[in-house]
1. Among 65, 194, 181, which one shows the biggest mean-square fluctuation in a GNM of the chain, springs joining Cα atoms closer than 10 Å?
2. Under the classification rounded if a/c is under 1.5, otherwise prolate if a/b is larger than b/c and oblate if not, where does the stretch 149-215 fall, given a ≥ b ≥ c as square roots of the Cα gyration tensor eigenvalues?
3. At 0.36 nm per residue, and after removing the present C-alpha to C-alpha distance, how many nm does the segment from residue 209 to residue 77 gain when stretched out fully?
4. Along Cα→Cβ, 7 Å out, is where each label goes; now give me the distance between the ones at residue 166 and residue 202 in nm to one decimal.
5. If R₀ is 22 angstrom, what is the calculated FRET efficiency for the pair residue 38 and residue 103, using the beta carbon separation as r and rounding to 0.05?
6. Arranged by the count of other C-beta atoms within 10 angstrom, fewest first, what order do 98, 139 take?
7. When the chain is modelled as a GNM with alpha-carbon springs shorter than 10 Å, which of 13, 56, 138 fluctuates the most?
8. With a 10 Å cut-off between alpha carbons and a GNM built on the chain, which of 143, 190, 33 moves the most?
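Values quoted throughout were computed directly from the atomic coordinates according to the rules given, and no laboratory measurement underlies them. Just so it is clear, the model here is predicted, and its values are computed rather than measured. So basically every Cβ, Gly included, is an ideal-geometry build from the backbone, and we count neighbours across all protein chains shown.
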């Protein structure tokens, strides 16, 4: 097949997950975010939620977990094991990038080369997580992701903010972004989705995709 034909094919999206950790303050809701490095290969220099790609170890942990409320949420493809693995990926990335650990869980089993063993207490408790929605990177992007977004209250986590350096300027950001920090469209969408979910209104998970460069949002009921 000609090289030009191969190059024209869109990259296959990689499964990924992010977690919005939120807290309620007197001035309103805030979400933990950090800034990607200026040399990052994907969306450099913008503020994002902690997250990353799904790894094999996330599936290994997921295989030992029971059902969770979000597992069959519309938009998670009706695949509970994948849903749990994605949630595990989001929790692991939070620990790596922010230093925070999910309360009442031991995250050593999520680290490279570690073994969860047979102790159920060593498994992450995902019951605090809620599914918000997902997004698929445009087909013309050299790096593509099929990202799922979860949310959990800050009270479910313990630890001090001190990540691995992948995200800088870790801070709590108000949902309306009063400082006008640089963000991409999916980040702004998920902040809006979180506000809707926490308001108590009926929330149908969103899917952000693109037709060319034009974004479009669909809902799952």
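1. 181
2. It is oblate, given that a/c is not under 1.5 and a/b is not larger than b/c.
3. Result for the pair: 46.0 nm of gain on full extension.
4. Computed distance between label sites residue 166 and residue 202 equals 3.7 nm.
5. Efficiency for this residue pair is about 0.05.
6. Fewest to most other Cβ atoms nearby, the residues stand as 139, 98.
7. For the chain, modelled as a Gaussian network with Cα springs under 10 Å, the answer is 56.
8. With Cα springs under 10 Å in the chain, the top fluctuation among 143, 190, 33 is at 143.
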